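Read-outs throughout are calculated quantities, based only on the coordinates presented, and are distinct from any laboratory measurement. Note that the structure is predicted; figures quoted are calculated from it, not measured. For neighbour counting, all protein chains shown are included, and Cβ atoms are generated from backbone atoms with ideal geometry for every residue, glycine included.
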Amino acid sequence: MKSEINNLPLYTIGIDIGGSSTQLALVSEKGEVVARGSIERKKAHYDANLYVEELCSSIDQLLTGSDFSKTLLGIGIGAPNGNYYKGTIDSSVNLPWKEELPLTRILQERYQLPVVITNDANATAIGEMMYGAAQGMKEFYLITLGTGIGSGIVSNGKLLYGFDGKAGELGHLVIYPEGRQCGCGRRGCFESYCSARGVVATAIDLLNKHKEVASSLRDIPKESLTSKEIYNVALKGDSIAQETFRVTGEILGATLANLATFSSPEAIILFGGVTKAWHFLETPMRKSFDAHCLFAIHRPKVLRSSLPDADAALLGAAALPLSNRKIVKHEL
Ligand SMILES: [Zn+2]
């Protein structure tokens, strides 16, 4: 009987909890999505219990009519402030409920399966390792350049969690001590330059600094300027928009060189909306990276993610129970 079960394909459930919606999927160990579900954010979710009820009925729907439960290995969750050690979602400004939610315990009791949770950037890093650009790698950084900057650090094939589960907040490396105000309350963080918000701030700085230069960015109200719009304008040859990405690429390259100096990874993989402007970012980023890398050490590859945007964190979450078989849990 045991060998029969061993021959069956294994499945996991991946749950990607985001600010505006939750995506969930039944995924094979090869990364194939077999069934999907989603929950849109609603007012009722200010009560975490109601959110959990809706989540459980979505999981039940995924499993309805299938025999997958026999070969279901576990449930993996990526969430803002997902705490791997405690199995909780800690209070996050991006989520409607404000109390600490012990989600792994609730789901373990209900489904009698192993449940693993981590933050969304860590889940994306696992997605890259299992199915994306980091396949076969044991030492790499995944950096998400989105509205903010998230990151997952994999060392010796395992996510780096640190003492309290909060390792890898690379978006808040201070790169300019007297620089721009960051949402974390400090100044000059990497995130305030190389996230989508940082790109917008750089464009506004350049528009103010070069008032004599014509730019169609001046026709867009500053409060509705987006990095996507700046990219579209750059494609049409706008010099301020192109300069915005050149400056962003330079800062990005220098910061990645610092990371390379820290732990000599095999690769740094970039993901997220800002990388859509790769055409403009790549050359200044690589030039700056090469200029700032310490000569003596290995130069890691800098790669773009090969995972589809919408599914990276979901696939990574689904892979957590697979990868977790190799992770030794540390007790605090
Ligand atoms: Zn910060």
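Here are the numbers for this structure:
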{"read-out": "Neighbour-count ranking [beta-carbon atoms within 10 angstrom, fewest first] of Cys182, Cys56", "value": "Cys56, Cys182"}
{"read-out": "³J(HN,Hα) computed for each position of segment 247-263 - Karplus, 6.51 cos²θ - 1.76 cosθ + 1.60, integer Hz, glycine/proline x", "value": "4, 4, x, 4, 5, 4, x, 5, 5, 5, 5, 4, 5, 4, 5, 5, 9"}
{"read-out": "Between segment 174-200 and segment 252-322, the Cα center-to-center distance that results, in Å", "value": "19"}
{"read-out": "Segment 46-155, relative contact order in percent, only Cα pairs under 8 angstrom and at least six apart counted", "value": "22"}
{"read-out": "Distribution of pairwise C-alpha distances over the chain, 20 Å bins, in %", "value": "31, 54, 15, 1"}
{"read-out": "Segment 169-184 - phi-based ³J(HN,Hα) in whole Hz, Karplus 6.51/-1.76/1.60, Gly and Pro as x", "value": "8, 5, x, 10, 5, 7, 9, 9, x, 9, x, 4, 5, 10, x, 7"}
{"read-out": "Förster radius 41 Å - calculated FRET efficiency between Ile220 and Thr283, Cβ distance, rounded to 0.05", "value": "0.95"}
{"read-out": "Between segment 26-51 and segment 73-112, the Cα center-to-center distance that results, in Å", "value": "13"}
{"read-out": "Helix-derived mean residue ellipticity, 222 nm - over the chain, DSSP H n ≥ 4, -39500 (n - 2.57), to 500", "value": "-11500 deg cm²/dmol"}
{"read-out": "P(r) weight above 14 Å for segment 30-97, C-alpha pairs, percent", "value": "69"}
{"read-out": "Mean separation of Cα contacts under 8 Å (6+ apart) over length of the chain, as relative contact order %", "value": "20"}
{"read-out": "Label zone at Ser20, where the point sits 7 Å out along the Cα-to-Cβ direction: segment 89-116 residues whose backbone N lies under 19 Å", "value": "93-97"}
{"read-out": "Once exposed loop trypsin sites (Lys or Arg not before Pro) are cut out (DSSP; at most 10 other Cβ, 10 Å), longest piece of the chain", "value": "31-210"}
{"read-out": "Ascending count of other beta-carbon atoms within 10 Å, so fewest first, for Phe190, Phe163, Phe262", "value": "Phe163, Phe262, Phe190"}
